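Q: What follows is a single structure, and I will ask about it in a moment.
The values are calculated or read from the model by the stated rules, or taken from the named source; none is laboratory data. Here the structure is a predicted model, which is why all the values come from computation and not from measurement. A quick note on method: Cβ atoms are made from the backbone with ideal geometry, for glycine too, and the neighbour counts reach across all protein chains shown.
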Amino acid sequence: MKQQRTSHLPELRLIQLARSGEDHPHLAECAFCREQYEALREMLLGAPAERGESIPHDDRSFRLAAASEPMTTEVQRWRQTWYLEDGALVLRVLEDRDVQQLIGFCIGDPHRYAHLKIHFSGIARSFTPDAQGRFEIGPSSLEIEPMRVHIEEA
């Protein structure tokens with residue numbers, strides 16, 4: 001019997017699904033992506049018990065990984081992840097190879113995004129995420145690893 005390899009959902013799509021609460025057929029087929037989705041939902045909304053929901057299972061073996069796969073798609077590549085404020089704010093940087101740009105994503109409380117100023121060591125300007133947590137950093141030639149990141153709240 002030939003074994004079929006299932007690819008994972010791109011991280012950006014997982015983030016979009018987690019923010020919207022949408023379901024996706026792939027989540028029922030792939031335990032890894034389902035765990036990533038649930039971890040993102042928990043980070044964004046709090047643990048199910050805190051929301052008054054029942055917990056479907058308590059397997060915490062899969063957590064949101066900094067770079068569980070080197071490529072999300074052929075076009076996007078994860079470059080760096082920072083877990084800030086004890087995990088309440090996650091900052092991810094992806095390289096979009098089509099446009100040769102580094103794109104940043106905040107994962108946390110969306111109400112805070114407009115008030116955040118994100119500073120990377122080695123880059124003179126600061127960045128403020130849009131309502132979806134996205135911001136453009138600059139050309140993909142920028143060395144994002146191993147930068148330090150500092151967050152200010154205005």
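Q: Residues to consider are Arg92, Arg97; find the one that is surrounded by 11 or more Cβ atoms within 10 Å (Cβ to Cβ) and closer than 23 Å to Glu42 by Cβ.
A: Arg92
Q: Of the residues Glu152, Glu95, Glu69, which is within 17 Å of the chain's Cα centre (by Cα) and either among the aromatic types (Phe, Trp, Tyr) or modelled with pLDDT of 85 or more (or both)?
A: Sole residue among the options that is within 17 Å of the chain's Cα centre (by Cα) and either among the aromatic types (Phe, Trp, Tyr) or modelled with pLDDT of 85 or more (or both): Glu95.
Q: List pairs: first in the stretch 125-146 and surrounded by 12 or more Cβ atoms within 10 Å (Cβ to Cβ) and part of a loop (DSSP other than H, G, I, E, B), second hydroxyl-bearing (Ser, Thr, Tyr) and modelled with pLDDT of 85 or more, Cβ under 6 Å, 6+ apart or cross-chain?
A: Pro129/Tyr113; Gly133/Tyr113
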